[in-house]
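Written out below as structure tokens is the structure these notes cover.
The values are calculated or read from the model by the stated rules, or taken from the named source; none is laboratory data. Since the model is a prediction, treat every value here as computed from it, not as a measurement. Virtual Cβ from ideal backbone geometry, glycine too; neighbours counted across all protein chains shown.
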Amino acid sequence: MIVELGHYALVLAFALSLIQSVLPMVGAVREDSRLMAIAPPVSVALFVLVALSFAALTAAYLSSDFSVVNVWENSHSAKPLIYKISGVWGNHEGSVLLWVLILVFFGALVGFFGTNIPASLRAATLAVQSWVTAGFILFILATSNPFNRIAEAPLEGNGLNPILQDIGLAIHPPLLYVGYVGFSITFSFAVAALILGRLDAAWARWVRPWTLLAWVFLTAGIAMGSYWAYYELGWGGWWFWDPVENASFMPWLAGTALLHSAIVMEKRDALKVWTVLLAIFTFSLSLLGTFLVRSGVLTSVHAFATDPERGVFILVLLCLFIGGSLTLYAWRAPMLKQGGLFAPISREGALVLNNLFLTAATVAVFVGTLYPLALDVITGEKISVGAPFFNLTFGPLMIPLLIAVPFGPVLAWKRGDLLAASQRLYAAFGIAILACLFTLWLWGFERVMAPLGVGLAVWVMTGAMVEILTRVKLFEVGLSRGFARLKGLPGSAWGTSIAHFGVGVTVLGIVTASAFQEERILTMKPGDNVELSGYELTFDGVVPRKGPNYREDVGHFTVRTGGTIVEKMEPSKRLYTARQMPTTEAAIMTSWFSQLYLSLGEGRDNGAVDVRVYFKPLVTLIWIGCMIMAFGGLVSIADRRLRVGAPKPARRATPSPQAAE
């Protein structure tokens, strides 16, 4: 009964989304307040209905109701509770339902909290959001219904894909989807503004917090997915340029460009046409990522669907939403008024440069991801584009961008002084040079480019700190007054510096982990030793062990430094009994920001086993930096100026008779 209730709630949500997609838009165009008033309560009702549907599917998983096809295919009664819950979105049907739940959640947020947004713009935005909602609910009902029943319920289920039975996969998809789908609001704002012809600095102020929120979650989601692949798949790498990884990275790059472009539009009423185009492209790339994962065109640990019918349906949705929005843009964009002018050397100019490099990087990743697919469709030839292509195209674009990052915040608006900005950054430049020299002294001259990368990372980090000190003039006004000014800085200023600092931390982790990593691959017998980067590992043997829904062979290793035992590491090879699928569970020892990484390979005779050992210096800074970036975004969102939206013009007070006299 609960399952049927969830299905019915989804059907009713589809009907409501059709109503909201038409009537509020008509009201916004005609300035009919009664029709516009429909949008906010319906957006909340939509969220309640989809949440009820999602709760019904979750209840089926928790109760192991194997009469539901989706539960039977992706769950097992012996599966731990946390993985029964994560199993709800660990499959195609459930993940699309989560996608829609987040979609209507953002709509409900705008409907409930967007009271400062003009009624016509809010109604039109929620109507556009409902166009997307209706399309994806129809997709679920027509091709991906998670509530289908089995006539004779099996006694047991097949279990969840073993590599998805991990705490990282309980966190990664919801974070990633909030980021993906969060950009739908910026898309809806852009399309609504084009329809109504309302595009100004106030529009950018309304859009920025929603863009920031989506960007924060997408940053955290990508970082969580990277760390999950790093420790779960046993390859020892943190990024593989997998097409589905790229599918989430492209909207992140475009969303970062959108954030910076919206700042220029808000401050100077400039870059209107470009900002709206970025808003459309960012969500379009999110839809493209959905297509790649759900259509079956890719084979990946991330890809769920293999049904061509689903792929065609999503492709039609892509053509409708992307093609329709770009057609509207081509029609309305020439009618938009140009904004304020600014000199090339200015803060606006630095942000435009930022946009150029980020957009070029997005195009490079886009081409490298889709070219093999297009070639396969056109000629039937199968090729793979891997790390060498992306390193040669993406990497060189990032170097000048990172060099320019500290300059932007210290330049003045409208017209800046590059020499004065350089003088403010002398200290940052000096510290970066010292970091280069220290790296050369520590690791030698074998990898000449690595010290330059370290120096670039330190340049970005120290530049972010100089940005804050420049704002408060700490060394000019004295410490006591300077600290008072620090407390009075707006959240957006702190958020920008924190996020830029996080970029530098991530770059530092990438450079050191990539350039100075040490690796040993060998076959070890019990009692054998291997030395790596000052650590001595002794293989003590393999012991079988039984888990709740798997069997595993656990390798026991003793780690010593200078003869002293510092850690016992236990990598393992697991076999999940329900699906008879093996997985590799790596063992990781963290020392400060560096890690010793150990994974087991195939077993040999006489108790021997293949072993892969890595030492990865400062590798954790990659994900710590991402979290710092996300935290910077949250600090910016906390800025009251963004939370209250665009200021309303104050009413002119009517003078009293006494004042008039």
Some residue of region 543-564 being assigned to a helix (DSSP H, G or I), under 35 Å from the mean Cα position of the chain (by Cα) and charged (D, E, K, R): no
Condition met for Gly463 (touching a helix residue (DSSP H, G or I) at 6+ places or on another chain (Cβ under 9 Å) and on the phi > 0 side of the Ramachandran plot): no
Only listed residue being in contact with a Pro (Cβ under 9 Å, 6 or more places away or on another chain) and not aromatic (Phe, Trp, Tyr), chosen from Ala142, Ala151, Ala127: Ala127
Residue in region 143-158 that is assigned to a helix (DSSP H, G or I) and not assigned by TED's automatic domain parsing to the domain that holds Trp252 present: yes
All positions within region 94-113 that are small (Gly, Ala, Ser) and free of Cβ contacts under 8 Å to residues at least 60 places away in the same chain: Gly94
Single unsatisfied condition, Gly430 versus (1) of a type outside the set (Ser, Thr, Tyr); (2) farther than 25 Å from Ala350 by Cβ; (3) free of Cβ contacts under 8 Å to residues at least 24 places away in the same chain: (2)
Residue list for region 168-203, restricted to those being surrounded by fewer than 18 Cβ atoms within 10 Å (Cβ to Cβ) and either in a loop (DSSP other than H, G, I, E, B) or outside the structural domain of Met250 (by TED's automatic domain parsing) (or both): Gly197, Arg198, Asp200
Enumerated helices (runs of 4 or more DSSP H) restricted to region 7-82, each holding at least 2 residues that are β-branched (Val, Ile, Thr) and surrounded by fewer than 24 Cβ atoms within 10 Å (Cβ to Cβ): 39-62
Subset of region 504-539 that is more than 21 Å from Val619 (Cβ to Cβ) and charged (D, E, K, R) - its residue that is surrounded by the most Cβ atoms within 10 Å (Cβ to Cβ): Asp528
Some residue of region 52-64 being in contact with a strand residue (DSSP E or B) (Cβ under 8 Å, 6 or more places away or on another chain) and farther than 18 Å from Leu12 by Cβ: yes
Test: residue in region 366-379 that is outside the structural domain of Ile137 (by TED's automatic domain parsing), out of contact with any Cys (no Cβ under 7 Å at 6 or more places or on another chain) and farther than 22 Å from Gly289 by Cα: yes
